[in-house]
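Single-structure report; data block below.
Laboratory data are not the source of any read-out in this text; all were calculated from the coordinates shown. Not measured: the values here are computed from a predicted model. Positions of Cβ are backbone-derived with ideal geometry, glycine not excepted, and every protein chain shown enters the neighbour counts.
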Amino acid sequence: MHIASKVKVRNEHNQRQRLFLLGCSRSGTSLIQHRLANHSLIYSLPETDFFGRLMGNAMWRWVATHGWVRRRSATRALEKLGTVAGGTPQHIGTDRHFVATKECVAAFIETLEQATSTTEKRIWLEKTPKHYRYIEQIEKYIPSSSFIHVVRDGKAVVASIQSRARKFSDEFGHQSNPRYAVKLWNRAVQVALKRVGMQTDIAVFYEEFATEPKQALQNLCHWIGVEYEPAMLSVNEKTSGIRTSNEQWKDGVTRDIKIAPSQFTELFSKREQRRISKALDYHSYEKLRRAVCAAEKT
């Protein structure tokens, strides 16, 4: 059973200090984040949504790539970062409408580096699922970054997003149309497929992580360049702060590891099931699985 795409680290002491955990929402990113954060050398924090807040949609991503972001977007991104990192938000000292992207990202790096050093750990792990949209920009401004793509079966993801939208309509009511989830999943899978096999990227399948968590964590530790620690499998109160008190939809991440059952057939009619199944890009998903399998054999 193929757990993750493994690449050879350049040497056993070449540790990746800046890790981004990403993928489609409801794919198991929080579960994997909590287990990695149990490692004695890895620091993590609640979702920052830093690059989403900083850069926004495709047009503003393009502008950010070429060096500039809106000042009000930078302020929002840095305020949220300061809140989740437990420190004083950094401010961009200017009255200009636009500020340099590299200045904002430098503040992001400094905040995470300081938080990591405070805990006496050596590696930081940032988990915001939708940051897969900003890999190009992250790579440009944080060249030493590495990316962990978490992938889950599309029908299970669409059902989970639908269920969350119904239960927490105030926060996620705008995601109630299944087409939203389909588009999100397709794009995340396509990004992972494009990057799998790169030394900076690894793909982890949720179902196989939940089935064989020890093996999956050993593979991830090997890729990162750290020793696997048995404590990573445990439920650790020290990492419970990664989930904020108002994120009730993440309650399951602090329990024992097991596959969450899909609600696909319960939430959708047969007609809806057929339409959703047809719209999901399973062609790319299967290509990704084959690419992961091939990477494991190299």
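Observations
- Nearest-0.05 FRET efficiency for Arg72 and Arg166, computed from C-beta distance (R0 30 Å): 0.40
- Given (1) 40, 27, 19; (2) 28, 24, 19; (3) 25, 22, 20, the label whose value is semi-axes √(5λ) of the Cα gyration tensor in Å derived from this model: (2)
- Report summary: the helix-based calculation at 222 nm, which adds -39500 (n - 2.57) for every DSSP H run with n ≥ 4 and divides by the residues of the chain, gives -14500 deg cm²/dmol.
- Low-density loop cleavage sites - GluC sites (Glu not before Pro) in segment 79-178, where at most 12 other Cβ are within 10 Å (DSSP): Glu120
- Pairs of Cα atoms nearer than 8 Å and 6+ residues apart set the relative contact order; for the chain it is 32 percent.
- Look at the alpha carbon pairs under 8 Å that are at least 6 residues apart: their mean separation over the length of segment 128-216 gives a relative contact order of 36 percent.
- Label point 7 Å beyond Cα of Ser277 along Cβ direction - residues of segment 156-184 with amide nitrogen under 16 Å: 156-159
- As a rough footprinting exposure proxy, the listed residues His131, His222, His174 were ranked by other beta carbons within 10 Å of their own, and the order from fewest upward is His174, His222, His131.
- Filter on Lys102/Lys214; Lys194/Lys258; Lys127/Lys167; Lys167/Lys278; Lys102/Lys167; Lys102/Lys258 - keep pairs with C-alpha separation over 32 Å: Lys102/Lys214; Lys102/Lys167; Lys102/Lys258
- ³J(HN,Hα), Karplus 6.51/-1.76/1.60, whole Hz, each residue of segment 101-110, x for Gly, Pro: 4, 5, 5, 5, 5, 4, 5, 4, 4, 4
- Here the Gaussian network model covers the chain, with springs between Cα atoms less than 10 Å apart; of Asp153, Asp49, Asp170, Asp170 fluctuates the most.
- Choice from Arg72, Arg18, Arg35 with maximal GNM fluctuation in the chain (Cα, 10 Å cutoff): Arg72
- The order of Trp124, Trp68, going from fewest to most other C-beta atoms within 10 Å of their C-beta, is Trp68, Trp124.
- Between amide H atoms placed 1.01 Å from N, distances below 5 Å from Asp201 occur with Phe147, all of them 5 or more places distant or on a separate chain.
- Taking 0.36 nm per residue of separation and subtracting the current Cα-Cα distance, fully stretching the chain between Ser269 and Asn236 would add 7.9 nm.
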